[in-house]
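Here the structure is laid out as structure tokens; the discussion comes afterwards.
Where a number appears in this text, it was derived from the coordinates with a stated rule and is not lab data. Please read these numbers as outputs of a predicted model, since none were measured by experiment. Cβ: placed from backbone, ideal geometry, glycine included. Neighbour counts: every protein chain shown.
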Amino acid sequence: MKIRSANGGQRTRLAGFVLALTAIATIAIGWALTLPEVRDLFVQRFALAQSYDTAAGGRFESMQAAFWMALQHPLGIGLFQWPHIWGLMPHNVYVNVFVSGGLMSIAGWGGLTVLTIGAGIRALKLPPSLRGIAVVALASFVVHALQGFLIDSNHWRHLYINMGLIWGLALAARAYHTPVAAGRFRFISHFNAAKPA
């Protein structure tokens, strides 16, 4: 990553600040791990598989059972009906959408996810002053899409705000690169203005 600043002194101070903050965080975490309660919680939470994931009737078994139920009911079983059958949500947004709404729902959700990632890639054509927002929005949405394999994220409101941001930035990128008739206002034209000396 290139640090942009007016002078080398500013870059040196920023790099020193980041190194000092990293050292303080490392020491604080190391000290916290010397406490038995914190260490035990750390070991428990950072294990690859938890008992509620792998035990009989756990998360992974719920995902598998919901998937097989979805295959048996291609039109779905209805919204939020799976917990009444199994007692636990599938903890996979794709399986949850599939078992709830059937083939059309999973096609719609999967299509929306893929199209939003495509729109985010198109939004990267924005001018540098807005490209950073597009990068953050796209990166966070891709992580949410991947995290959907382990948790039901379709009820998270910020996921839809993130989608809207990506689509809005994609439309802005499209408008930015669309030639317009002479004399008409060009969208985001103030980002093209020459910077004052």
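Tabulated values for the structure
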read-out: Ranked list, fewest to most other Cβ atoms within 10 Å of each Cβ, for Phe42, Phe80; value: Phe80, Phe42
read-out: Order by protection proxy (mean Cβ within 10 Å, highest first), peptides 31-37, 71-77; value: 71-77, 31-37
read-out: Order of Phe149, Phe98 - criterion: other Cβ atoms within 10 Å of each residue's Cβ, fewest first; value: Phe149, Phe98
read-out: Phe60 versus Arg174: modelled label distance in nm, points set 7 Å from Cα along the beta carbon direction; value: 4.3 nm
read-out: Between segment 86-118 and segment 14-44, the Cα center-to-center distance that results, in Å; value: 38 Å
read-out: Estimated distance in nm for a label pair at Leu146 and Leu33, the labels positioned 7 Å out from Cα along Cα-to-Cβ; value: 2.3 nm
